Amino acid sequence: MRKEVKAEVVTCWGAFLQNATTATMPLLTHSQSDNEQYVLVASLDNARNLSNILKAITFKDHAIFTATRNGLKVTVEDSKCLQANAFIQAEIFQEFTIKEDLVGFQINLTVLLDCLSIFGGSTVPGGVSTALRMCYRGYGYPLTLFLEEGGVVTVCKINTQEPEEPIDFEFCSSNVTNKVILLSESLKEAFSELDMTSEVLQITMSPSQPYFRLSTFGNSGNAHYDYPKDSDMMELFHCTQTQTNRYKMALLKPSTKALALSCKVSVRTDSRGFLSLQYLVRNDDGQICFVEYYCCPDQEVEEE
């Protein structure tokens with residue numbers, strides 16, 4: 001039986017800081033004995049570096065967290081047709097300690113984001129950022145967040161659940177037939193010109209013209225947006241065969257959150273027509289994270 005997800009929030013003024021020399025010391029400088037009770041400890045000087053990447057995949061309440069020595073992977077799914085993964089490498093964290101080969105749990109992502117923005121969540125240049133220390137003791141225990149900003153420390157405990165098995169879309173590099181890498185600005189421009197009232201987005205990828213084409217079929221009629229393979233907006237063009245697939249716009253719209261944050265996007269299709277959108281995202285500190293969306297093709301396309 002699954003438990004209701006709750007967050008217990010306790011705010012302590014000054015008490016955590018009386019023996020500290022800097023505001024972030026209580027979160028980022030803990031003794032070894034403090035860490036021994038946890039199977040996972042991850043600390044960030046700026047909580048926005050985590051919250052921004054999580055917002056890019058927030059389209060359902062629950063997310064599966066999987067931690068390995070390489071870092072943190074967060075997975076969100078919808079109706080076995082769409083999957084989003086955020087990858088935050090271990091090097092992004094100021095501290096990343098894991099005692100098992102794999103640590104996994106499921107959590108309410110909406111509650112987590114609310115906790116991460118408990119101090120407002122906005123950082124202006126030269127302003128004060130929110131420091132984060134995230135701790136997990138293991139199966140059955142809550143995820144504990146220590147957040148500090150301006151001398152105020154807040155502790156949040158969020159109940160965890162046993163993680164469900166993520167869908168395996170069986171999308172592997174050996175089956176990729178077509179791949180392009182675009183500057184994100186050009187894809188944003190395309191979406192601004194296409195008719196987003198369309199129920200589907202049609203993607204054509206071909207070694208010959210039109211090379212890479214996006215098409216919609218909305219209230220204003222049909223619209224196409226073409227990219228020449230030698231376009232300045234195209235960083236890589238590798239197409240081995242002509243493919244035309246349609247994808248439900250309702251499934252693709254959540255990925256625009258990642259597009260808004262990204263600077264580059266890789267568009268890949270495999271032999272079945274499954275779509276992979278990989279977004280390269282730079283955080284506030286200039287470090288690189290990745291967000292990937294998998295989407296299955298619209299089954300009705302073949303009939304048309």
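The values are calculated or read from the model by the stated rules, or taken from the named source; none is laboratory data. This one's a predicted model, so the numbers in the text were calculated from it and none came from an experiment. Here the Cβ is made from the backbone with ideal geometry for all residues, glycine too, and neighbour counts use every protein chain on show. In case anyone asks, the SASA skips ligands and DNA or RNA and just uses the protein heavy atoms, side chains included. Shrake-Rupley method; radii C 1.70, N 1.55, O 1.52, S 1.80 Å.
Per the conditions (1) of a type in the set (Lys, Arg); (2) part of a strand (DSSP E or B); (3) open to solvent by 40 Å² or more (accessible area, probe 1.4 Å); (4) within 30 Å of residue 72 (Cβ to Cβ), the sole criterion not satisfied by residue 253 is (2).
If you scan the range 256-270, which residues turn out to be among the hydrophobic types (A, V, I, L, M, F, W, C) and in a strand (DSSP E or B)? Can you show your working first?
So in the range 256-270, the residues among the hydrophobic types (A, V, I, L, M, F, W, C) come out as 258-261, 263, 265, 267.
Answer for the range 256-270, where residues must be among the hydrophobic types (A, V, I, L, M, F, W, C) and in a strand (DSSP E or B): 263, 265, 267.
In the set (1) of a type in the set (S, T, N, Q); (2) under 23 Å from the mean Cα position of the chain (by Cα); (3) modelled with pLDDT under 95, residue 278 fails one condition alone, (3). Those residues that are open to solvent by less than 60 Å² (accessible area, probe 1.4 Å), under 15 Å from residue 179 (Cβ atoms) and of a type in the set (A, V, I, L, M, F, W, C), I need them from the range 192-238; list them, please. Selection gives 203, 205, 212, 234, 237.
Could you tell me whether residue 63 is modelled with pLDDT of 95 or more and within 22 Å of residue 285 (Cβ to Cβ)? Walk me through it before giving the result.
On the way: modelled with pLDDT of 95 or more: yes; within 22 Å of residue 285 (Cβ to Cβ): no.
It is false that residue 63 is modelled with pLDDT of 95 or more and within 22 Å of residue 285 (Cβ to Cβ).
Taking every residue in the range 24-50 that is modelled with pLDDT of 50 or more and open to solvent by less than 60 Å² (accessible area, probe 1.4 Å) and pairing it with any residue that is of a type in the set (Val, Ile, Thr) and assigned to a helix (DSSP H, G or I), at least 6 positions away or on another chain, the pairs with Cβ-Cβ distances below 7 Å are 49/92.
Among the candidates 268, 246, 272, the residue that is at pLDDT below 95, under 21 Å from residue 170 (Cβ atoms) and under 26 Å from the mean Cα position of the chain (by Cα) is uniquely 272.
Does at least one position in the range 283-297 carry a residue that is part of a loop (DSSP other than H, G, I, E, B), open to solvent by 70 Å² or more (accessible area, probe 1.4 Å) and either among the aromatic types (Phe, Trp, Tyr) or touching a Cys at 6+ places or on another chain (Cβ under 9 Å) (or both)?
Going residue by residue through the range 283-297, those that are part of a loop (DSSP other than H, G, I, E, B) are 283-287, 296-297.
From what is left, the residues that are open to solvent by 70 Å² or more (accessible area, probe 1.4 Å) are 284-285.
With the extra rule that they be either among the aromatic types (Phe, Trp, Tyr) or touching a Cys at 6+ places or on another chain (Cβ under 9 Å) (or both), the set shrinks to none.
Scanning the range 283-297 turns up no residue that is part of a loop (DSSP other than H, G, I, E, B), open to solvent by 70 Å² or more (accessible area, probe 1.4 Å) and either among the aromatic types (Phe, Trp, Tyr) or touching a Cys at 6+ places or on another chain (Cβ under 9 Å) (or both).
Taking the range 260-272 as the range and being farther than 13 Å from residue 86 by Cα and either touching a Phe, Trp or Tyr at 6+ places or on another chain (Cβ under 9 Å) or open to solvent by 10 Å² or more (accessible area, probe 1.4 Å) (or both) as the test, the residues that pass are 260, 263, 264, 265, 266, 267, 268, 270, 271, 272.
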